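Read the structure below first, then the notes.
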Amino acid sequence: MDKTSFENHARAWEWIENREYASEPELVRQARELMSVGNDGTVCSAEGAMLGMFKTMAHASSVIVIGTGSLVQTAQIVCSLGNDDKLTAVDSTPTGYEQIRQLFRSASTMTRATLRAVNADAAQFLSRLNGDDYDLIVVCGDAANYRAAYEQAPRLLRNDGVIIFTDILAMESPDSKGGLTNPADRSDKAVAMRELIDAVAEDERFSSALSPTGWGLLVATRH
């Protein structure tokens with residue numbers, strides 16, 4: 001690709017992002033406001049919209065969202081839930097957990113779906129769940145969440161269940177030095193994401209694909 005092509009891609013990204021942001025539901029805007037209070041990073045609108053679409057496309061009735069700072073992603077998925085669906089949001093920090101609870105109190109007026117907030121370490125919590133019981137897992141936040149979710153996903157997901165790893169380019173972590181676009185970035189998350197991409201690609205239990213949406217998505221379907 002030449003310079004003009006890259007510039008056109010950047011303009012296209014900005015156009016899509018602005019359009020998705022303008023159409024975000026009120027619950028997602030509330031999630032952004034809650035995150036801004038703690039000076040947390042923002043989530044790309046296109047990413048949030050795509051997660052909600054994946055939930056719908058997968059006909060997912062049982063969903064887990066994992067990770068500190070995943071409030072916007074959680075809100076987008078809540079907006080796609082049916083009244084009989086279940087969503088569990090896991091955050092290991094007291095602040096993130098309280099934000100989820102506050103979001104769910106607002107969401108309770110718009111859906112009869114079962115919404116559960118959990119304050120726990122991802123690895124410990126996921127290992128206690130029943131197997132073959134979930135349709136969609138969304139992973140955000142710290143590098144440790146990704147390894148834990150990947151290890152448990154084959155057990156937790158139903159056939160054709162989907163796991164989505166956000167920020168696969170490791171751009172959002174505080175110690176990022178350009179993420180995977182910079183070969184010299186040896187931050188914890190960048191190292192973990194390089195290993196994860198290779199592991200999922202070689203794992204015969206999954207079919208997977210990378211997407212540049214947001215800061216990169218790795219989408220894998222369990223066979």
Among the listed residues Thr95, Thr4, Thr109, which satisfies the condition of being outside any helix (DSSP H, G or I), of a type in the set (Val, Ile, Thr) and surrounded by fewer than 17 Cβ atoms within 10 Å (Cβ to Cβ)?
Thr109
Would you pick out the residues in the range 146-172 that are within 17 Å of the chain's Cα centre (by Cα) and open to solvent by 20 Å² or more (accessible area, probe 1.4 Å)?
Arg147, Tyr150, Glu151, Gln152, Leu169, Met171, Glu172
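If you scan the range 51-72, which residues turn out to be part of a loop (DSSP other than H, G, I, E, B) and in contact with a Leu (Cβ under 6 Å, 6 or more places away or on another chain)?
Initial filter on the range 51-72 (part of a loop (DSSP other than H, G, I, E, B)): 58-61, 67-70.
Ala58, Ala60 - these are the residues of the range 51-72 that are part of a loop (DSSP other than H, G, I, E, B) and in contact with a Leu (Cβ under 6 Å, 6 or more places away or on another chain).
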If you take the residues of the range 78-92 that are among the charged types (D, E, K, R) and either touching a Phe, Trp or Tyr at 6+ places or on another chain (Cβ under 9 Å) or not in a loop (DSSP other than H, G, I, E, B) (or both), which of them is most open to solvent (accessible area, probe 1.4 Å)?
Lys86
Going by the conditions given, is Gly48 over 21 Å from Asn159 (Cβ atoms), in contact with an Asp or Glu (Cβ under 8 Å, 6 or more places away or on another chain) and in a loop (DSSP other than H, G, I, E, B)?
no
Out of (1) assigned to a helix (DSSP H, G or I); (2) open to solvent by 20 Å² or more (accessible area, probe 1.4 Å); (3) among the aliphatic types (A, V, I, L, M), the odd one out for Ala75 is which?
(2)
Inside the range 174-204, the number of residues satisfying the requirement of being on the phi < 0 side of the Ramachandran plot, in a loop (DSSP other than H, G, I, E, B) and surrounded by fewer than 21 Cβ atoms within 10 Å (Cβ to Cβ) is 11
Quick check on Asp133: is it surrounded by fewer than 24 Cβ atoms within 10 Å (Cβ to Cβ), out of contact with any Cys (no Cβ under 9 Å at 6 or more places or on another chain) and under 19 Å from Ala58 (Cα atoms)?
yes
Would you check if Leu210 is touching a Phe, Trp or Tyr at 6+ places or on another chain (Cβ under 9 Å), part of a strand (DSSP E or B) and closer than 18 Å to Lys55 by Cα?
no
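The values are calculated or read from the model by the stated rules, or taken from the named source; none is laboratory data. On a predicted model such as this, the values are computed, not experimentally measured, just so you know. Note that each Cβ is placed from the backbone with ideal geometry, even for glycine, and that neighbours are counted across all protein chains shown. Please note that ligands, DNA and RNA were not included when accessible areas were found on the heavy atoms of the full protein model with its side chains. Shrake-Rupley method; radii C 1.70, N 1.55, O 1.52, S 1.80 Å.
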